[in-house]
Amino acid sequence: MKYPELVDVVEVGPRDGLQLEAFVPTERKLELINLLSQTGLSRIEATTFAPPKAVPPFRDAAEVMAGITRNTAVKYMALAPNAVGAQRALATNVDVLSFVLSASESHNQANVRMSVAESMRRFEAAAKMARAAGVPVRAYISTAFGCPFEGDVPVERLVRIAKTYEDLGASEVTVCDTTGMANPRQVDNVMVEVMNALRPGTAVALHFHDTRAAGMANVLAAMQVGVTTFDASIGGLGGCPFAPGATGNIATEDLVHLLHEMGIETGVDLDKLVPCARLVRELVGHEVPSHILKAGKRCDLFDFAAWRAQHL
Ligand code: COA
Ligand code: ZN
């Protein structure tokens, strides 16, 4: 097996992780983003510029962008579901604009209430605005590995969307398993096709939700075919508000732990990440899917003498 030496982990927790949760006060969101900024992560998706009525957890998007204590080593990203959102995001000091559309018509209708072709027109407008502002664009393809309404999504459709994104100015295409329908063999097939279709200068990333416990297996399959950028969410929170039964992204601390145990560098300090996972658990007020929070790191050994005194 061939593994990369270095993997880029993109933190989407303050956006994807909080979108199914009750509103988290702005200053507490900032506390989380600022703490994440000190962990070695190179990119953090901080918020979404959706209409406050449609996605209330992010009604403070502009305040969040303005309030971050910026670490110059971190790029702060914000998501836009349409051109209005892109305009609002670009009016802030956003470093990277992310844009979302779904590979399947019904999920796109559910999520952004328009056809995929219409979303792509909004993307074109958003990408133009971003180019004029000198801001790079990261383009998400949601429901790429399966749609909760339509089932399988043809690879040719993904390739077409990825190439259109590239032609319209996306510097990175992120292929998303929005509702955890991917399996490792499928990841292998899809990513080979998508990467072959794109120009070498276009970056490719993967975004896995762990809905059916295949998240880490999918990461391993993707690394085998040369993918080195993965989204993850602190604490393993997340989910799409328009997909029935959706659950969280792979947890950032679980992913970083696994990669480090495999000798793969991430530039992220796991010991600084774990307090962020604890903080997000406190902010949402319920248990989070993280494994590392529950089990600790593999090298967190028990004190045998203390254990024996208690149990033997
Ligand atoms: N931010 C703020 N206001 C917005 C906006 C945005 N991004 N997009 C549209 N609006 C405003 C319009 O200006 C319009 O205002 P008006 O009533 O005063 O004229 C109103 O909202 C309705 O606009 P419309 O274009 O009809 O949007 P919509 O109501 O059909 O909503 C989306 C479309 C895409 C904005 C909405 O479906 C959405 O945000 N979905 C959530 C996507 C998401 O974040 N999903 C999770 C991440 S994958
Ligand atoms: Zn997601």
Positions within region 69-93 being within 22 Å of residue 115 (Cα to Cα) and of a type in the set (S, T, N, Q), in sequence order:
82, 87
Is it fair to say residue 267 is surrounded by 11 or more Cβ atoms within 10 Å (Cβ to Cβ) and not in a helix (DSSP H, G or I)?
yes
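Every residue, every condition in (1) in contact with a strand residue (DSSP E or B) (Cβ under 9 Å, 6 or more places away or on another chain); (2) surrounded by 14 or more Cβ atoms within 10 Å (Cβ to Cβ); (3) under 19 Å from residue 100 (Cα atoms), yes or no:
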site: 5; (1), (2), (3): yes, no, no
site: 10; (1), (2), (3): yes, yes, yes
site: 34; (1), (2), (3): no, yes, no
site: 45; (1), (2), (3): yes, yes, yes
site: 49; (1), (2), (3): yes, yes, yes
site: 64; (1), (2), (3): yes, yes, no
site: 69; (1), (2), (3): no, no, no
site: 79; (1), (2), (3): yes, yes, yes
Identify the single condition in (1) under 20 Å from the mean Cα position of the chain (by Cα); (2) closer than 24 Å to residue 25 by Cβ; (3) more than 16 Å from ligand 1 (Cβ to nearest atom); (4) surrounded by fewer than 22 Cβ atoms within 10 Å (Cβ to Cβ) that residue 236 does not satisfy, given that it satisfies every other one.
(4)
For region 173-186, state whether one or more residues are crowded, with 18+ Cβ neighbours inside 10 Å, modelled with pLDDT of 95 or more, aliphatic (A, V, I, L, M) and more than 16 Å from ligand 1 (Cβ to nearest atom).
yes
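Just wondering, is there one or more residues in region 199-213 that are outside any strand (DSSP E or B), surrounded by 16 or more Cβ atoms within 10 Å (Cβ to Cβ) and small (Gly, Ala, Ser)? Steps first, please.
Within region 199-213, the subset outside any strand (DSSP E or B) is 199-202, 210-213.
Of the ones still in play, those that are also surrounded by 16 or more Cβ atoms within 10 Å (Cβ to Cβ) are 202, 210-211.
Keeping just the survivors that are small (Gly, Ala, Ser) gives none.
Among the residues of region 199-213, not one is outside any strand (DSSP E or B), surrounded by 16 or more Cβ atoms within 10 Å (Cβ to Cβ) and small (Gly, Ala, Ser), which makes the answer no.
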Here are 151, 134: which of them is surrounded by fewer than 21 Cβ atoms within 10 Å (Cβ to Cβ), out of contact with any strand residue (DSSP E or B) (no Cβ under 9 Å at 6 or more places or on another chain) and farther than 21 Å from residue 43 by Cα?
151
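Here is a list: 6, 35, 90, 97. Which entry is more than 16 Å from ligand 2 (Cβ to nearest atom), closer than 16 Å to residue 174 by Cβ and either modelled with pLDDT of 95 or more or β-branched (Val, Ile, Thr) (or both)?
On the way: 6 fails: closer than 16 Å to residue 174 by Cβ; 35 fails: closer than 16 Å to residue 174 by Cβ; 90 fails: closer than 16 Å to residue 174 by Cβ.
Only one candidate passes the filter, namely 97.
The values are calculated or read from the model by the stated rules, or taken from the named source; none is laboratory data. Quick caveat: nothing in here was measured; it's all calculated off a predicted structure. Every residue, glycine among them, receives a Cβ derived from its backbone with ideal geometry; neighbour counts consider all protein chains shown.
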